[in-house]
Amino acid sequence: MATKRLQIPLAEADVRALKVGDFVTLDGLIYTGATMFHERFAKGILPPIDFSRANVLMHWHPITRVEDGKERLLCITPTSSIRYETYGPDIVTKLKVRAFIGKTTMGPNTTRAMVDFGGVHLTRLAGQDNLLASQVQKIEAIYFAKELGIAEATLLLNVKDFGPFIVSIDAQGNNLFSQLEIETEKRMLELYGRFGISPDFDYPETKAALWSQFVKK
């Protein structure tokens with residue numbers, strides 16, 4: 001499948017054209033947000049970013065090292081986006097986010113907000129940590145590092161050909177992980193039937209029962 005290369009700020013039409021499973025790379029300005037970014041957002045505390053130019057938020061705790069008086073990225077490992085589901089809908093509507101970058105997925109409320117506004121969730125591939133760091137052209141700004149420490153700071157990054165990422169939630173509300181779960185369950189039932197295993201078979205319960213008898217002996 002061809003990779004789609006998009007320019008930030010992302011246009012609504014380009015985002016709505018994406019489908020679950022598409023591969024995407026990005027050029028332009030993105031910003032990062034971890035736990036304290038979201039907690040402070042809820043209190044109305046935001047970094048002085050022009051969100052109309054940077055409409056992509058990456059869920060990430062920065063990992064850097066100071067070299068020659070400047071912060072240098074060591075690696076980029078986006079964190080689990082579902083951690084921030086509570087804040088997702090407001091982030092979309094108030095900051096006009098067209099794309100989240102993170103690990104795995106987000107929940108139904110954020111999905112509905114992205115469907116209404118025209119947004120997607122992009123999930124990372126395995127083993128990209130060093131690659132993603134090399135695709136950052138410049139750290140444009142670092143916010144709140146003195147108050148919160150670098151791991152909770154917000155970074156504004158200028159990226160080029162950043163990714164690839166997989167569209168895990170598209171602007172129609174389709175969810176890659178939900179589809180995989182359904183397909184996996186269907187496949188498991190087929191395998192159970194092939195090997196004569198009851199669909200009600202519960203491995204943890206069976207294991208616990210056998211272990212308890214072993215301990216009694």
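Just so it is clear, none of the values below were taken in a lab; they were calculated from the coordinates. Source: prediction; values computed, not measured. Cβ: placed from backbone, ideal geometry, glycine included. Neighbour counts: every protein chain shown.
A few remarks follow.
- Each label was represented as a point 7 Å from its Cα along the Cα-to-Cβ direction; for ARG83 and LYS43 these points are 1.9 nm apart.
- Given +1 at the Cβ of Lys and Arg, -1 at the Cβ of Asp and Glu and no other charges, the dipole of region 3-174 around its Cα centre is 80 debye to the nearest 20.
- DSSP bridge orientation in the chain - percent antiparallel, rounded to nearest 5: 60
- Pairs beyond 32 Å (Cα-Cα), from LYS70/LYS103; LYS94/LYS186; LYS103/LYS138: LYS94/LYS186
- Gain on full stretching of the segment that runs from ASP116 to ILE63 - 0.36 nm per residue minus C-alpha separation: 15.7 nm
- Hypothetical label at GLU12: residues of region 171-190 whose amide nitrogen lies under 17 Å (7 Å Cα-Cβ projection): 171-173
- Multiplying the residue separation of GLU181 and LEU74 by 0.36 nm and subtracting their alpha-carbon distance yields 35.1 nm.
- Net length gained if the chain between GLU140 and ASN109 were fully extended (0.36 nm per residue, minus Cα distance): 8.0 nm
- Column: log10 I(q)/I(0), Debye, Cα scatterers of region 3-174, q = 0.14 Å⁻¹: -0.65
- Computed FRET value (nearest 0.05) for MET188 with ASP129, which takes r as the C-beta separation and R₀ as 22 Å: 0.10
- Taking Lys and Arg as +1 and Asp and Glu as -1, the other residues whose beta-carbon sits under 11 Å from that of LYS19 total 0.
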